[in-house]
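Notes for the one structure printed next.
The values are calculated or read from the model by the stated rules, or taken from the named source; none is laboratory data. Since the model is a prediction, treat every value here as computed from it, not as a measurement. Ideal geometry is used to build each Cβ from the backbone, glycine not excepted, and the neighbour counts take in all protein chains shown. Calculation scope for accessible area: heavy atoms of the full protein, side chains included, ligands and nucleic acids excluded. Shrake-Rupley method; radii C 1.70, N 1.55, O 1.52, S 1.80 Å.
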Amino acid sequence: QVQLVESGGGLVQPGGSLRLSCVGSGSILRINLMGWYRQGPGKQRELVARIDRGGSTNYAESVKGRFTISRDNAKNTVYLQMNSLKPEDTAVYYCNAELVLTRNNYWGQGTQVTVSS
């Protein structure tokens, strides 16, 4: 079992920045991938960014150049630095972890990000 606790969401103006954090606990030694997904109103959940234990990253095209995912393996924590935020970034952001071998997935509770003037 893996538990994920997220923080850092909030209300910001367009062009502003937020930094999301997600701390894993439980069977954290078996975590390989960690990432961030988001789900806007009436939309399906989509991948925002992910990072593996070695530091390899993937980003959605819509956030490239604006968002940066990073990971501190010693702290079992993944971060998402979000800059130049746009109204279309408004969504509930979810932390995700995937275990090695079993490839089981675990999810955080979600944190609301609202970008509005």
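Looking at 30, 38, 71, which one is of a type outside the set (S, T, N, Q) and at pLDDT 95 or above?
None of the others qualify; the one that does is 38.
Give me the residue from the stretch 42-89 that is among the β-branched types (Val, Ile, Thr) and farther than 16 Å from residue 17 by Cβ and, out of that set, most open to solvent (accessible area, probe 1.4 Å).
So the first thing to find is which residues in the stretch 42-89 are among the β-branched types (Val, Ile, Thr), and the list is 48, 51, 57, 63, 68-69, 77-78.
With the extra rule that they be farther than 16 Å from residue 17 by Cβ, the set shrinks to 51, 57, 77-78.
On the way: 51: 11, 57: 54, 77: 8, 78: 0 Å².
My answer is 57.
If the requirement is being closer than 13 Å to residue 114 by Cα, part of a strand (DSSP E or B) and not acidic (Asp, Glu), which of these qualifies: 38, 50? Give the steps one after another, and end with the answer.
Numbers: 50 fails: closer than 13 Å to residue 114 by Cα.
So the residue among 38, 50 that is closer than 13 Å to residue 114 by Cα, part of a strand (DSSP E or B) and not acidic (Asp, Glu) is 38.
Could you grab me the full set of residues in the stretch 7-25 that are surrounded by 14 or more Cβ atoms within 10 Å (Cβ to Cβ) and small (Gly, Ala, Ser)?
8, 9, 16, 21, 24
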